[in-house]
1. Which entries in the list Lys255/Lys406; Lys17/Lys251; Lys268/Lys291; Lys255/Lys298; Lys228/Lys371 go over 27 Å, if you measure between the two C-alpha atoms of each?
2. Quick check: residue separation of Lys87 and Thr262 times 0.36 nm, minus the Cα distance between them. What number comes out in nm?
3. Which whole-number value in Å² is the accessible area per residue of the chain, probe 1.4 Å?
4. May I ask you to list the aspartates and glutamates whose Cα is less than 20 Å away from that of Lys98, ignoring any residue fewer than eight positions away on the same chain?
5. Taking 7 Å along the Cα-to-C-beta vector as the label spot, tell me the Arg61-Gln295 distance in nanometres, rounded to one decimal.
6. What is the distance, in nm, between label points placed 7 Å from the Cα along the Cα-to-Cβ direction at Lys325 and at Thr13?
7. Stretched out fully, how many nm does the piece from Arg450 to Met167 gain, at 0.36 nm a residue minus the Cα gap?
8. Taking the alpha-carbon centroid of each part, what is the distance from the range 302-347 to the range 254-270 in angstrom?
Amino acid sequence: MTRGGMESVEVFTTESKGRGLKAQKEFLPGDVIFAEPAYAAVVFDSLTHVVCHTCFKRQERLHRCGQCKFAYYCDRTCQRDAWLNHKNECSAIKKHGKAPTENIRLAARILWRIEREGSGLSENCLVSIDDLQNHVESFDEEEKKDLRVDVENFLEFWPAQSQQFGMQYISHIFGVINCNAFTLSDQRGLQAVGVGIFPNLCQANHDCWPNCTVIFNNGKIELRALSKISPGDELTVSYVDFLNVSEERQKQLKKQYYFDCTCEHCKKKIKDDLMLAVKEGDNKPSAETVKEVIQFSKDTLEKINKARLEGTYHEVVKLCRECLKKQEPVLGDTNIYLLRILSIVSEVLSYLQMFEEAAGYAKRMVDGYMKIYHPNNAQLGMAVMRAGVTHWHAGLIEAGHSMICKAYAILLITHGPSHPITKDLEVMRVQTEMELRMFQQNEFMYYKMREAALKNQKIQVMPEPSNEAPPSLFHKKE
């Protein structure tokens, strides 16, 4: 496996998309093209007391900064490593009386670093902060209003003894955060915990069917190859989830990142037919029926979100079953509205320990995803892993082991062997392989031992279903 440094890539100017990155050498699937530490990063406001402000790991017990009483760290090592970036923040928070929002804190950390080092090229950076796009001129009225509020709050927080920057430059920094920030996830990659600026990674352009993926691992963002890349090829990543028809993805990209996507998949509407599939054959539904079912699905998804927020999971299951009854005679197996309901119902039933029913829905979800997603897509890998664990808990060891192996193969490429989630998956793969051998030798004994094990030991509870989508790497302030 190749691990590239910044010498493996080059910044170039594209005709239609501004700057981009291209490969200087060949990369194979799973190779790390480069790993980049954050130029500046902060923990989300809601998690400041449960996540280390240096390494972004979630920990049960954290050490609190004795000075500002705001920052938390795993241990003295993390606290020492943080001091260069926390020193100015620490005294500013004490003076201000409280910590400002994550956006203000991130802007302040960027500007303190510029104060220390200047705004030119930092070590191992391909571009300077000054050269990053801010898109402030594309902001709508609401965004301009938010920007003004951020700048005012920033000026209230920024100490008088620090270097003073002009309003225009401060606005540039907030614009950069608005359209270039990346989400940082916890050590297992399951929860978004913070936000940071990574200047090199910002140069990678979007493609809905990219040749690279981005993962936060061990304190750095890694750019990893998803397919074979030749010297001179442009390196692309996807800013949005592919599980949306091209028109919806284009709208989302225009709204959040201010550009029109002209990638091959959007231009040719590739896979749109699968995502909008309806039942074929003698009983093909009318266009009117399809429209009604899709509207019913959208309404149900809103009700499901409300029930999930309230934690009424049996109500979620009831809503999903009702929706599936309407969808199944009308929508095709790869229709995104059907897949969204299957994903929710399989996750919630697993949490409620109704594993057999959950497994049936999870299998259908995975079969649909396999036809839509890139074979090395991280979200596909995570969904296959979840389905594999559900089958395993349901006692369906053959299907469970097969899915866990498939997920492991995907995550080796998207996350790499050292990522905690891949390590967890490797343990599951070994365990299910052992159980599968036992099952093949003596099915009756396997079920007897399984029954005894379940009586003696509470089955591992699946994590509580989250109302949030899995962490997207491209942070966007809502």
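1. Flagged as over cut-off: Lys255/Lys406.
2. Residue separation times 0.36 nm, minus the Cα-Cα distance, leaves 58.5 nm.
3. 49
4. Straight-distance partners of Lys98: Asp45, Glu89, Asp150, Glu152, Glu156.
5. Computed distance between label sites Arg61 and Gln295 equals 5.9 nm.
6. Distance between the two pseudo-spin positions: 6.3 nm.
7. Stretched fully, the Arg450-Met167 segment lengthens by 95.3 nm.
8. Here the answer is 28 Å between Cα centres.
The values are calculated or read from the model by the stated rules, or taken from the named source; none is laboratory data. Computed from a predicted structure; not experimentally measured. Note that each Cβ is placed from the backbone with ideal geometry, even for glycine, and that neighbours are counted across all protein chains shown. Only protein heavy atoms, including side chains, enter the accessible area calculation; ligands, DNA and RNA are left aside. Shrake-Rupley method; radii C 1.70, N 1.55, O 1.52, S 1.80 Å.
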